[in-house]
Amino acid sequence: MSDATPNPRSSRRSWLRIALLISLILNLLFVGLVLGAAAGKRRVDANIGLPDERVLSQLGPYGRALPAEHRKALAEELRPKPGDARKTRKELRDGFQQYLTLLRAETFDVQAVSDLLTAQQKLVSGRATAGREALLQRLAGMSAEDRKAYADSLQKVLRRGPGRDRAPSYEKRP
């Protein structure tokens, strides 16, 4: 005959295994959350991995027509510094909220809206000015032959129009 009384030790072991399993799952979830939050903050804060094309998009065809080494150097120069992009986005977002508040006000304050739009324009135009200055500096450092090759490449880019094979024909991107 078999003994039907449960062994208290095996009952205790099964509860201990369940408790350890639950603890392991909770620890892994916590570690995943911490690592995910850290990775997300780094990506947003430092603009890590922002493609050169996106950084140079403010220059339009002028940037697309540059030779690869100049595009890369210019993109590195214009890439936002850690925290800069986040600060600018926050300022723009706050400005949009103020704009909405001003639009919904009972009396429309033209001067306040004008001041707000001017402040936002200054925020955005600062990057465009930096891009223009960096491009001028690159062009000034080119030889006459390099500038002629750039002019030919720019002409081809302009002929193709926006959104078509963005790589200059004389030099495909790596």
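The values are calculated or read from the model by the stated rules, or taken from the named source; none is laboratory data. Note that this is a predicted model, so its numbers are computed, not measured. Cβ placement follows ideal geometry from the backbone for every residue including glycine, while neighbour counts extend to all protein chains displayed.
Here are SER169, SER125: which of them is polar (S, T, N, Q) and either at pLDDT 90 or above or not in a helix (DSSP H, G or I) (or both)? Exactly one residue qualifies, and that residue is SER169. Of the residues making up the stretch 132-166, just one is at pLDDT below 85 and assigned to a helix (DSSP H, G or I), namely ARG160. Say whether the condition of being surrounded by 10 or more Cβ atoms within 10 Å (Cβ to Cβ), without any contact (Cβ under 8 Å) to a residue 40 or more places away in the chain and touching a Lys or Arg at 6+ places or on another chain (Cβ under 8 Å) is met by at least one residue in the stretch 124-142. Yes, the stretch 124-142 contains a residue that is surrounded by 10 or more Cβ atoms within 10 Å (Cβ to Cβ), without any contact (Cβ under 8 Å) to a residue 40 or more places away in the chain and touching a Lys or Arg at 6+ places or on another chain (Cβ under 8 Å).
Test ALA119 against the stated conditions and say whether it is part of a helix (DSSP H, G or I), under 30 Å from LEU66 (Cβ atoms), within 25 Å of the chain's Cα centre (by Cα) and of a type in the set (Gly, Ala, Ser).
Numbers: part of a helix (DSSP H, G or I): yes; under 30 Å from LEU66 (Cβ atoms): no; within 25 Å of the chain's Cα centre (by Cα): yes; of a type in the set (Gly, Ala, Ser): yes.
It is false that ALA119 is part of a helix (DSSP H, G or I), under 30 Å from LEU66 (Cβ atoms), within 25 Å of the chain's Cα centre (by Cα) and of a type in the set (Gly, Ala, Ser).
Among the residues of the stretch 64-72, is any modelled with pLDDT under 80 and surrounded by 10 or more Cβ atoms within 10 Å (Cβ to Cβ)? Don't jump to the end; show me each part of the working.
So in the stretch 64-72, the residues modelled with pLDDT under 80 come out as none.
The answer is no; no qualifying residue exists.
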